[in-house]
1. Out of all DSSP beta bridges with both ends in the chain, state the antiparallel percent to the nearest 5.
2. Distances longer than 17 Å among the Cα atoms of the stretch 1-104: what percent of all pairs is that?
3. In the P(r) worked out for the stretch 1-50, what percent of Cα pairs fall beyond 18 Å?
4. Please report the net charge: other residues with Cβ closer than 11 Å to the Cβ of Leu119, K and R +1, D and E -1.
5. In percent, how large is the relative contact order of the stretch 1-142, given Cα pairs closer than 8 Å and 6 or more residues apart?
6. What order do you get for Leu22, Leu133 when you list them from fewest to most C-beta neighbours inside 10 Å?
7. Counting pairs of alpha carbon atoms under 8 Å apart in space and at least six apart in sequence, what relative contact order in percent does the stretch 82-147 give?
8. Could you work out the relative contact order of the stretch 71-220? I mean the mean sequence separation of Cα pairs under 8 Å and 6+ apart, divided by the number of residues, in percent.
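Please treat every number below as a calculation from the coordinates, not as lab data. Source: prediction; values computed, not measured. When we count neighbours, we look across all protein chains shown, and the Cβ atoms used for this are built from the backbone with ideal geometry, even at glycine.
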Amino acid sequence: MTTQITPRARVCVLISGNGSNLQALIDACAKNEIAADIIHVISNRADAFGLQRAQQAKIPTSVLDHKAFADRAAFDDALADLIARCQPDWVVLAGFMRILTPAFVQRFLGKLINIHPALLPKHPGLNTHARALAAQDTEHGATVHFVTPTVDAGPAIIQGVLAITPAESVESLEARVHQLEHQIYPIALAALVAGDVHYAHGQAVWADSNTPKIICQPSA
Ligand code: GAR
């Protein structure tokens, strides 16, 4: 009798900073909650703390400094080539603070995902927590989505939702959303790797329904 060994998915993670979402993914892979290995971590900043997290987990790292390239297209070409050499099944943006060119996105379309700290389509872009408070939103959260050429407009795979409390500050909201991100990103990647959800014709298609899964977190 032969034992079938299912190959683990190969994941390349792109970061620019702290890398707490990277850490959540490293931990979930180590616990086998995701049938994947993070095979490479790439940062556009040499001082990103996430690089140390990767090295601690014995994951190979690269730094590709965008400032060393003539323009965005040249940087994205080099980045895409570096990623392609790693032969990943999934490319995961985890606090990668660069706008990607349509050419880059097309190259990895359907296997390129991002996490954004808001309930898209609300609050694309930056300063999402302050904007949610300024808009007097009652709910806020985070979205994992497929990346498409328009920034923060790709189809949602999963959202984590929390209720904004009356005493909420930007800092408290940021901390609570971050916690939620660490829950939903591993769930989303596990579902992708397992084939429970895939990208088709601009949509995130779940095997059992077509709506993004919502995880509600009770207010603090
Ligand atoms: C996260 O909150 C992530 O949603 C956000 O950057 C933070 C990175 O934290 N990403 C974006 O805003 C992308 N537009 P981390 O480095 O601790 O994972």
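1. Around 40 percent of the beta bridges assigned by DSSP in the chain are antiparallel ones.
2. The share of Cα pairs beyond 17 Å in the stretch 1-104 comes to 52 percent.
3. Summing the P(r) tail past 18 Å for the stretch 1-50 gives 38 percent.
4. -1
5. Relative contact order of the stretch 1-142: 24 percent.
6. Working: Leu22 28, Leu133 15.
In increasing order of surrounding Cβ atoms, one gets Leu133, Leu22.
7. 36
8. Numbers: 234 pairs, mean separation 30.8, N = 150.
That works out to 21 percent.
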